[in-house]
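So the structure is just underneath, and the comments pick up after that.
The values are calculated or read from the model by the stated rules, or taken from the named source; none is laboratory data. Everything numeric in this text was worked out from a predicted model, so none of it was measured. Side chains included, ligands, DNA and RNA excluded: accessible areas come from the protein's heavy atoms. Shrake-Rupley method; radii C 1.70, N 1.55, O 1.52, S 1.80 Å.
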Amino acid sequence: MKNNYNFKEMETLVKFHCRSYHQLKRSIQVQGLVGEIKEESTVYALAYILTIDDVLHSLDADEYRIIAHDFLESSPKNWWMEFYAKTTYYRLKGRSMQAFLNCLHG
């Protein structure tokens, strides 16, 4: 697995994992409501969801804030302006994405 991703590649990978995380969570919720839980696929989905949850819990406060606001939640475009200067935000965003992917891809 490639370890030296550039900023855009990291952003693409984190977006992919966060979208997959949300889609799988919704899918499991719908399956539970309908009562059509397929055991094998649900086990893999739950394992992925729990893995992402563990990765998110392993991040420090700034890393989690950035991943949550930029990839997991519907936050305003410039939400970071009340917390960070522009250069600090982008430096921390790169570090946050790297930490997320290092935990996930190890």
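Highest GNM mean-square fluctuation, the chain, Cα pairs closer than 10 Å: which of LEU56, LEU46, LEU72?
LEU46
For the chain, which whole percent of the accessible surface, found with a 1.4 angstrom probe, sits on carbon and sulfur atoms?
55 percent
Per residue, how big is the convex hull of region 55-106 when only Cα atoms are used? Give it in Å³.
Considering the Cα atoms of region 55-106, their hull volume per residue is 66 Å³.
With the contact rule set at Cα under 8 Å and sequence spacing of 6 or more, what percent relative contact order holds for region 41-106?
Taking the mean separation of contacting Cα pairs over the length of region 41-106, I get 47 percent.
Return the single residue from GLU82, GLU11, GLU73 with maximal mean-square fluctuation; model: Gaussian network over the chain, springs between Cα atoms under 10 Å.
Comparing GLU82, GLU11, GLU73 in the GNM, the peak value goes to GLU82.
Restricting to lysine pairs 8 or more places apart or on different chains, what number in the chain have Cα atoms under 24 Å apart?
The result is 12.
Averaged across orientations, what area in nm² does the convex hull of the alpha carbons in the chain project?
With every direction weighted equally, the projected area is 7.6 nm².
Could you provide, to the nearest whole Å², the per residue accessible area of the chain with probe 1.4 Å? Before the final figure, lay out each step's value.
Working: 7000 Å² over 106 residues.
The answer is 66 Å² per residue.
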